[in-house]
Amino acid sequence: MKHLTDLELQLYLDGSLLPDNKKIVSHLAGCDICKLELERYKTVYAELKNEDEAILSASFADKVIAALPEKKQSFAFLNSESFMYATAAVMMIITVLYYGESFAHLKNVFVSLGEKILGYNYLNFTSLSQYPELSNSLVEYAIASVVLILFYAKAEKIINFFKNKTATISI
Amino acid sequence: MNVEYLTEKEKRLVETILSGDKNAFRQIISDYQKLVSHIVNKMISNSSVHEDLCQEVFIKVYKNLSGFGSNSKLSTWIGKISYNHCLNYIEKKKMPAWSDLGDGTLSIDSVSGDFKTPLELTELSDISERLREQINNLPGKFRLILTMYHLDELKYGEIAKIMKLPEGTVKSYLFRARKLLKENLLTRYNREDLCA
């Protein structure tokens with residue numbers, strides 16, 4: 001009679017699916033030699049399962065929590081409202097400067113903006129016809145600001161997404 | 001095929017910790033401290049540094065959690081960090097080579113340990129004690145694989161990822177180590193002892 005191999009006995013105990021699992025069970029039922037081998041393996045498995053647990057102190061979790069560093073909010077400032085407004089303001093100035101032809105023109109732009117901020121003719125864009133460059137710059141500014149605000153609001157998630165795409169567990 | 005490695009609960013837990021809730025990290029510690037301490041215990045013989053090393057591992061896990069890509073199970077990722085951290089420690093402290101398995105062969109002689117007098121053997125007559133002694137005399141890599149498989153219930157593939165070994169090698173080491181322990185048992189005990 002051909003006895004079961006060590007591999008077959010181990011896989012049987014591991015619960016790994018073998019195509020001839022039924023054959024193994026029926027062989028074990030009628031073979032004392034293989035049954036004894038299986039008992040020996042069961043003893044080994046039981047001891048491996050019964051190994052002393054590595055004990056950490058009861059206060060281990062407290063110690064770890066206390067030692068955790070403050071989370072580095074590397075890009076948190078990008079999400080702050082003031083940063084978004086500041087960025088928008090810088091974008092506006094850059095745009096105006098780009099379209100502006102001279103310092104005098106820039107002065108007119110700021111005068112106009114001052115009037116707008118004070119509430120005068122705030123939404124009447126037709127009044128800006130005397131400053132076509134300003135009209136262009138406002139459109140540019142609006143688009144740029146929306147894009148920037150959306151980007152910065154999602155900056156951390158976007159950065160994490162790309163980090164995750166690269167080797168994430170190569171620590 | 002896109003495999004989901006994290007449960008919804010784990011995803012939420014990771015998000016909570018990433019949002020700055022340090023206390024939520026207790027759950028990670030509670031879930032994985034056994035795995036981490038098993039790896040550290042099997043790799044580092046100096047038990048006085050075990051807890052410190054486990055702490056360092058968890059701090060590393062916390063610091064790198066934002067980079068955890070969900071492309072493996074959390075247990076595999078944390079196991080890998082633990083394993084690498086211990087390897088770095090071994091290298092830094094110039095400890096005996098952890099990965100040294102000699103020529104890769106295992107024999108009963110290689111794990112029998114020191115010669116025991118008849119009296120000592122009587123004292124070690126308990127099968128469990130005897131087996132424990134044999135397990136402790138196995139090379140570290142074999143012991144770690146046995147522990148991760150039987151105690152931490154990791155799959156072959158997870159152990160392979162943690163230890164950067166081919167899955168076939170993990171299976172082979174596991175098979176050889178268990179066969180050796182069984183053969184050692186065979187030389188000392190009869191069926192009645194085992195079935196008692």
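The values are calculated or read from the model by the stated rules, or taken from the named source; none is laboratory data. On a predicted model such as this, the values are computed, not experimentally measured, just so you know. A quick note on method: Cβ atoms are made from the backbone with ideal geometry, for glycine too, and the neighbour counts reach across all protein chains shown.
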(request) Just give me the residues in segment B:51-62 being facing chain A (nearest Cβ under 7 Å) and farther than 20 Å from B:L154 by Cβ, in sequence order. (result) B:E51, B:Q55, B:I59, B:Y62
(request) Tell me, yes or no, whether segment A:28-36 has at least one residue that is under 39 Å from the mean Cα position of the chain (by Cα) and small (G, A, S). (result) no
(message) Given the options A:A89, A:A67, A:A61, A:A29, name the one that is modelled with pLDDT of 65 or more, small (G, A, S) and surrounded by 13 or more Cβ atoms within 10 Å (Cβ to Cβ).
(response) A:A61
(request) Would you check which residues across segment B:1-38 are more than 9 Å from chain A (Cβ to nearest Cβ) and under 16 Å from the mean Cα position of the chain (by Cα) and list them? (result) B:D31, B:Y32, B:L35
(request) Please state which of the following conditions A:K35 fails to meet, knowing it meets all the rest: (1) within 20 Å of B:Y156 (Cα to Cα); (2) in contact with a helix residue (DSSP H, G or I) (Cβ under 8 Å, 6 or more places away or on another chain). (result) (1)
(message) Please count how many residues of segment A:14-32 are in contact with a helix residue (DSSP H, G or I) (Cβ under 6 Å, 6 or more places away or on another chain) and within 9 Å of another protein chain (Cβ to nearest Cβ).
(response) 0
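Would you confirm, using the coordinates I've provided, whether B:L131 is at pLDDT below 90, surrounded by 14 or more Cβ atoms within 10 Å (Cβ to Cβ) and within 11 Å of chain A (Cβ to nearest Cβ)? Break it down stepwise before answering.
Working: at pLDDT below 90: yes; surrounded by 14 or more Cβ atoms within 10 Å (Cβ to Cβ): yes; within 11 Å of chain A (Cβ to nearest Cβ): yes.
Yes; evaluated as a whole, the condition is true for this residue.
Out of the residues in segment B:144-176 that are facing chain A (nearest Cβ under 9 Å) and in contact (Cβ under 8 Å) with a residue 12 or more places away in the chain, which is nearest to the chain's Cα centre (by Cα)?
The first filter runs over segment B:144-176 and keeps only residues facing chain A (nearest Cβ under 9 Å), leaving B:146-147, B:149-151, B:161, B:174-175.
Cutting the leftovers down to in contact (Cβ under 8 Å) with a residue 12 or more places away in the chain gives us B:146-147, B:149, B:151, B:161, B:174.
Numbers: B:L146: 7, B:T147: 5, B:Y149: 8, B:L151: 8, B:K161: 13, B:L174: 12 Å.
Once the filter is applied, the top-ranked residue is B:T147.
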(request) Filter segment B:1-57 for residues that are closer than 19 Å to B:M163 by Cβ and among the hydroxyl-bearing types (S, T, Y) and give the result. (result) B:Y5, B:Y32, B:S37, B:S45
(request) May I ask you to verify whether B:V40 is surrounded by fewer than 16 Cβ atoms within 10 Å (Cβ to Cβ), of a type in the set (A, V, I, L, M) and under 30 Å from B:K94 (Cβ atoms)? (result) no
